[in-house]
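For reference, the structure is listed below as structure tokens.
The values are calculated or read from the model by the stated rules, or taken from the named source; none is laboratory data. If you're wondering where the values come from, they're calculated on a predicted model, not measured in any experiment. Neighbour counts run over all protein chains shown; Cβ positions are idealised from the backbone, glycine included. Accessible surface is based on the protein model in full, side chains and every heavy atom, while ligands, DNA and RNA are left aside. Shrake-Rupley method; radii C 1.70, N 1.55, O 1.52, S 1.80 Å.
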Amino acid sequence: MLQLRTLIFTSIMLPWLLSFAAKEEYMEVRKPKKDIVKFPDYDTPQDPDTDPAVAPKADELPTCLLCVCLSGSVYCEEVSPEMSAVPALPKETAYLYARFNKITKISNKDFADMATLRRIDLTGNLITEIDDGAFSKLPNLEELFLAENRLTKLPTLPTTLVSFNANLNQLNTQGVKANAFKKLTRLAYLYLGNNELTAVPQLPESLHVVHLHNNRIKKITDETFCKGNTSYYIRANMDEVRLDGNPIILSKHPNSFICLHSLPTGQYK
């Protein structure tokens, strides 16, 4: 009787066990394999040439990922990683702010075909050289800021400029042509303070403000600001002149400012 029960149990359970085992094996095969994600070891110095996890350089990133692009304005200020050249700009860019970076040179190609540009601000970089035609093909450029760089000379400037700032550079008279601003008939604000100029360049009639403080200017004439051949000429637009911090003695030039509304501001000998 016991043998009969054993035989019956075996004949029922054995097929069920075999079926269960086969099902388990089938389900195991169908399970998706988990991808193994390798995280970088931040305790070990990474080699930028061999480790793709190391951040790319500034000039390898898309401009609007590296900078902030918003409604025609591009903000690339104090970019990290360091920006050493002007990035490729979206075609619709009207205002560029690339202040306080490590840009060293402006080439002709940097602003080529950028007809929409109205303002370029490159304050606080390391610019020592600008190609002569770098700004010549910008028909709508009104404001150009190059303060706090290392320029010794200026390129040809567009005649559309209203405001130009090159304070705190190393500009000398040989690097700033006497007629550099003469044809800029819309120029209202000219800032050339803290440079190494020994003479005042020709100033357009449109100027409202001109800053030439802290240079090496020793001499001016009756023609520098006024027209020495007539006492009836009034320079109506000129509101502010700064010449302080130069070795010039204003008392030796009593007729040099007769056409102005007021004498130069600042402290003089």
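All but one of (1) part of a loop (DSSP other than H, G, I, E, B); (2) out of contact with any Asp or Glu (no Cβ under 7 Å at 6 or more places or on another chain); (3) within 18 Å of Tyr191 (Cβ to Cβ) hold for Val241; state the number of the condition that does not hold.
(1)
What tally of residues in the stretch 80-109 results from selecting those that are among the aromatic types (Phe, Trp, Tyr) and either assigned to a loop (DSSP other than H, G, I, E, B) or exposed (fewer than 14 other Cβ atoms within 10 Å of the Cβ) (or both)?
Within the stretch 80-109, residues that are among the aromatic types (Phe, Trp, Tyr) and either assigned to a loop (DSSP other than H, G, I, E, B) or exposed (fewer than 14 other Cβ atoms within 10 Å of the Cβ) (or both) number 1.
Looking at Leu171, Leu151, Leu187, Leu157, which one is touching a residue at least 12 places away in the same chain (Cβ under 8 Å), on the phi < 0 side of the Ramachandran plot, in contact with a helix residue (DSSP H, G or I) (Cβ under 9 Å, 6 or more places away or on another chain) and not aromatic (Phe, Trp, Tyr)?
The conditions single out Leu151.
Between Thr128, Thr123, which is at pLDDT 90 or above, in contact with a Phe, Trp or Tyr (Cβ under 6 Å, 6 or more places away or on another chain) and closer than 21 Å to Gln170 by Cβ?
Sole residue among the options that is at pLDDT 90 or above, in contact with a Phe, Trp or Tyr (Cβ under 6 Å, 6 or more places away or on another chain) and closer than 21 Å to Gln170 by Cβ: Thr123.
Do you know which of the residues in the stretch 173-212 that are over 21 Å from the mean Cα position of the chain (by Cα) and hydroxyl-bearing (Ser, Thr, Tyr) is least open to solvent (accessible area, probe 1.4 Å)?
Ser206
Could you grab me the full set of residues in the stretch 229-269 that are among the aromatic types (Phe, Trp, Tyr) and open to solvent by less than 60 Å² (accessible area, probe 1.4 Å)?
Tyr233, Phe257
Considering every residue within the stretch 166-179, establish whether at least one is at pLDDT 95 or above, touching a Phe, Trp or Tyr at 6+ places or on another chain (Cβ under 8 Å) and within 19 Å of Asn215 (Cβ to Cβ).
Yes.
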